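Novice: Quick one: the structure is below, and I'll ask about it shortly.
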Amino acid sequence: TAANLHAAPGDTVTVQLPGTPPAPLTVGGVVDLPQADSLFQKVGAPPQSQPSAPPDNVVLLPRDLFTRLTAPVAAADPAAVTAQIHIARDAPLPADPAAAYTAVTAAARNLEVRTSGGVVVGDNLGAALDAARKDALYAQVLFLFLGVPGAVLAALLTAAVAGAGADRRRQEQALLRTRGLPPRRVAALASAEAAVVGITGGLLGIAIAAVAGR
């Protein structure tokens, strides 16, 4: 970086490429690169071989000046000078991280195939979506091992509570029918009781969860 090199606007730095004489350059400004890791990554290399920090010996040049400085190197070894194109993808993606990862990866592979291997894609978006889909998969597994047993336990507990009061409710319903209440009214009262208990329990559970989650 400019701080490590103690370079400031107006200073002169020297750039020497293999097989070329030293070329003095005047620093016109210092640029903050928010996506430096993406800009200086080794495209196609595994993640563990990527640099831990952006390099210090980097200078941004106008295209004409860059072409003039690298022309001797490109003439001696065309593979020594490469070009990178950084593209921001704005196509809509599925909400599911796994489906979005599949779509982005397929697009990157399609580009490489269409260029007959002349292009290597550094898929930063795909890497981020890969991490997101792994997190989503972990959440699904966590729900499977915690949520499903909890739901089964709640169902068993509800059935046990309902079974414990079944005799009492049958006696109450028999008394209501003895008093002349039609069976439909008895069934409606039973349904209303279940609805009131369910709604009250749900609201109470939501309130407790909200308080506990603070």
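Novice: Condition test on residue 98, is it touching a helix residue (DSSP H, G or I) at 6+ places or on another chain (Cβ under 6 Å) and not in a loop (DSSP other than H, G, I, E, B)? Before the answer, list the steps.
Specialist: On the way: touching a helix residue (DSSP H, G or I) at 6+ places or on another chain (Cβ under 6 Å): yes; not in a loop (DSSP other than H, G, I, E, B): yes.
Considered against the rule, which asks whether it is touching a helix residue (DSSP H, G or I) at 6+ places or on another chain (Cβ under 6 Å) and not in a loop (DSSP other than H, G, I, E, B), residue 98 comes out as yes.
Novice: I need the full set of residues from the stretch 104-124 which are in contact with a Leu (Cβ under 7 Å, 6 or more places away or on another chain) and surrounded by fewer than 16 Cβ atoms within 10 Å (Cβ to Cβ), in order please. Before you say what the answer is, go through the steps one by one.
Specialist: Of the residues in the stretch 104-124, the ones in contact with a Leu (Cβ under 7 Å, 6 or more places away or on another chain) are 104, 119, 121.
Within the stretch 104-124, 119 is the sole residue that qualifies.
Novice: Pick out the one residue from 45, 71, 36, 100 that is at pLDDT 80 or above and closer than 30 Å to residue 134 by Cα.
Specialist: Values: 45 fails: at pLDDT 80 or above; 71 fails: closer than 30 Å to residue 134 by Cα; 36 fails: at pLDDT 80 or above.
Selected residue: 100, the only one of 45, 71, 36, 100 that is at pLDDT 80 or above and closer than 30 Å to residue 134 by Cα.
Novice: In the stretch 71-82, which residues are part of a helix (DSSP H, G or I), of a type outside the set (Gly, Ala, Ser) and either without any contact (Cβ under 8 Å) to a residue 40 or more places away in the chain or farther than 11 Å from residue 19 by Cβ (or both)?
Specialist: Our first condition is that a residue be part of a helix (DSSP H, G or I); within the stretch 71-82, this holds for 71-76, 78-80.
Imposing the further condition that a residue be of a type outside the set (Gly, Ala, Ser) reduces the set to 72-73, 78.
78, the sole residue that qualifies.
Novice: Yes or no: the stretch 83-91 includes at least one residue that is surrounded by 10 or more Cβ atoms within 10 Å (Cβ to Cβ), in a loop (DSSP other than H, G, I, E, B), in contact with a helix residue (DSSP H, G or I) (Cβ under 7 Å, 6 or more places away or on another chain) and not polar (S, T, N, Q).
Specialist: Taking the stretch 83-91 first, the residues surrounded by 10 or more Cβ atoms within 10 Å (Cβ to Cβ) are 84, 89.
With in a loop (DSSP other than H, G, I, E, B) added as a condition, the list becomes 84, 89.
If we keep only those that are in contact with a helix residue (DSSP H, G or I) (Cβ under 7 Å, 6 or more places away or on another chain) too, we end up with 89.
Remaining after also requiring not polar (S, T, N, Q): 89.
Among the residues of the stretch 83-91, at least one is surrounded by 10 or more Cβ atoms within 10 Å (Cβ to Cβ), in a loop (DSSP other than H, G, I, E, B), in contact with a helix residue (DSSP H, G or I) (Cβ under 7 Å, 6 or more places away or on another chain) and not polar (S, T, N, Q), which makes the answer yes.
Novice: Also, quick follow-up: Given the conditions (1) of a type outside the set (Gly, Ala, Ser); (2) surrounded by 12 or more Cβ atoms within 10 Å (Cβ to Cβ); (3) at pLDDT below 85, and given that residue 137 satisfies all but one, which numbered condition is not satisfied?
Specialist: Condition (3) is where residue 137 drops out.
Novice: Identify the residue in the stretch 127-180 that is over 28 Å from the mean Cα position of the chain (by Cα) and among the β-branched types (Val, Ile, Thr) and, among all such residues, is nearest to residue 202 (Cα to Cα).
Specialist: Here the answer is 158.
Novice: Can I ask one more? Quick one: count up the residues across the stretch 116-166 that are of a type outside the set (A, V, I, L, M), closer than 30 Å to residue 39 by Cβ and in a helix (DSSP H, G or I).
Specialist: Quick first cut of the stretch 116-166, residues of a type outside the set (A, V, I, L, M) only: 116-118, 122-124, 126, 130, 133-135, 138, 140, 143, 145, 147, 149-150, 158, 163, 165.
Pick out the ones that are also closer than 30 Å to residue 39 by Cβ and you get 116-118, 122-124, 126, 130, 133-135.
Restricting the remaining residues to those that are in a helix (DSSP H, G or I) gives 124, 126, 130, 133-135.
The total comes to 6.
Novice: Further question: So which residues in the stretch 2-28 are in a loop (DSSP other than H, G, I, E, B) and surrounded by fewer than 10 Cβ atoms within 10 Å (Cβ to Cβ)? Steps first, please.
Specialist: Keep residues of the stretch 2-28 that are in a loop (DSSP other than H, G, I, E, B), which gives 6-11, 16-22, 27-28.
Listed by number, the residues that qualify are 6, 10, 18, 21, 22.
The values are calculated or read from the model by the stated rules, or taken from the named source; none is laboratory data. Please read these numbers as outputs of a predicted model, since none were measured by experiment. We place every Cβ from the backbone using ideal geometry, glycine too, and count neighbours over all the protein chains shown.
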